[in-house]
Amino acid sequence: MMTDLAPDIARWWDRIDEELGSLEANPEFEHDALRSNGLFDVYKVRMTSLGNYVIAAWLSVPKGDGPFPAIMYAPDYMSVVTPAPYEFRARAITLSVISRGQRGADKPYAAAFPGHLTVGITDPDTYIFRGVIADAIRSWEVLCDHPKVDTERMAIIGTDLGLLVNARRPGARAMHLKSSFWYRSLEIAAGSDAYPHEELNDHLRTWPEQRDAVTRTLAHLDPIHQADRVTAKVLIYREQASRVQSDTWFTPLTSRFATEPVFLDMTHFGQTDYDAVDAWLAAELGMPAFPRTWVAQDIGAWSV
């Protein structure tokens, strides 16, 4: 039976903070003329993260003096990261993180999909996602330091990895939590055969004797242990019929947030759900809404 891991988890996170604090980010910005236009400039950013690993990001900055609201897209489980959606780039500074292993930050480590989720998973200190989480935190620091960012109007979009960033580096006014990933991750895997969580099942079928070690490692990443440090106002996609997207599922986590979460009941009409999120974020960040369902749009009128 596993003992109380809270002290170990706290020390693990403190060490990440200390290691990042000892490393200069040294961001380098390379203008991308092909992806830039009359509304915004796009840059490929490279910066130094945990273990002196060079990570990357897509940064988009609206034309003008600013300051502008800013949105960070936390790392998702995918090989290729693209710049933020056009309509967000037209109104805000956006940063799409390319963490270690993803294409564009795949030297010396090129992640395999599937496979990335379980690299080094038997020890929290060797688990690849210790570095990935640090990459997201480092990217947030670089975004906050950008001279055109309005630090009072910042947001995060992503899975619950974004909650971990907010817990360790306060400053986001709002966050759109798209889905659980690290929260109760083994429970998600136990009730599903869908990837990427099926990678956990595959691993434990192959090495059942590692269950305790894997459970211990994943506990370090579960945002339940950081929830009382979450200060952002959080919008959560909700689906009451879903085992892992209902109020009951989220309550142990959200009850510890600094502010009450806002739930958005999914319609599964993509543009309708997207526009609802856009309207909420726009209100929180003080920028005009930009629904994609409009028939005609004067894009230039919506740049901040």
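Here are the numbers for this structure:
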| item | result |
| --- | --- |
| Filter result (closer than 20 Å to residue 12 by Cα and among the β-branched types (Val, Ile, Thr)) within segment 118-168 | 118, 119, 121, 122, 126, 128, 132, 133, 137, 165 |
| Output for segment 46-62, where each listed residue is in contact with an Asp or Glu (Cβ under 7 Å, 6 or more places away or on another chain) and either hydrophobic (A, V, I, L, M, F, W, C) or in a loop (DSSP other than H, G, I, E, B) (or both) | 50, 55, 61 |
| Conditions (1) surrounded by fewer than 17 Cβ atoms within 10 Å (Cβ to Cβ); (2) under 20 Å from the mean Cα position of the chain (by Cα): number failed by residue 210 | (2) |
| Of all residues making up segment 185-197, the number that are surrounded by 16 or more Cβ atoms within 10 Å (Cβ to Cβ) and either touching a His at 6+ places or on another chain (Cβ under 6 Å) or not aliphatic (A, V, I, L, M) (or both) | 5 |
| Residue satisfying all of: in segment 243-276; of a type in the set (Gly, Ala, Ser) and at pLDDT 90 or above; surrounded by the fewest Cβ atoms within 10 Å (Cβ to Cβ) among these | 255 |
| Members of segment 277-304 found to be assigned to a helix (DSSP H, G or I) and at pLDDT 90 or above, listed by number | 277, 278, 279, 280, 281, 282, 283, 284, 285 |
| Within segment 164-197, tally of residues that are in contact (Cβ under 8 Å) with a residue 24 or more places away in the chain and assigned to a helix (DSSP H, G or I) | 9 |
| Among the candidates 207, 182, residue that is farther than 28 Å from residue 93 by Cβ, of a type in the set (Phe, Trp, Tyr) and modelled with pLDDT of 95 or more | 207 |
| Single residue of segment 80-125 satisfying the filter (basic (Lys, Arg) and loosely packed, with under 14 Cβ neighbours inside 10 Å) that is nearest to residue 181 (Cα to Cα) | 103 |
| Contacts under 7 angstrom Cβ, first residue in segment 123-149 being touching a residue at least 60 places away in the same chain (Cβ under 8 Å), partner assigned to a loop (DSSP other than H, G, I, E, B) and of a type in the set (S, T, N, Q), 6 or more apart | 135/99; 136/99 |
| Conditions (1) part of a helix (DSSP H, G or I); (2) touching an Asp or Glu at 6+ places or on another chain (Cβ under 9 Å); (3) among the hydroxyl-bearing types (Ser, Thr, Tyr); number of the one not met by residue 251 | (2) |
| Single residue of 224, 236 found to be surrounded by 14 or more Cβ atoms within 10 Å (Cβ to Cβ), out of contact with any Gly (no Cβ under 6 Å at 6 or more places or on another chain) and not in a helix (DSSP H, G or I) | 236 |
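The values are calculated or read from the model by the stated rules, or taken from the named source; none is laboratory data. Only a predicted model underlies this, so the values are computations on that prediction, with no experimental measurement involved. Note: ideal-geometry Cβ built from the backbone for every residue, glycine included; neighbour counts use all protein chains shown.
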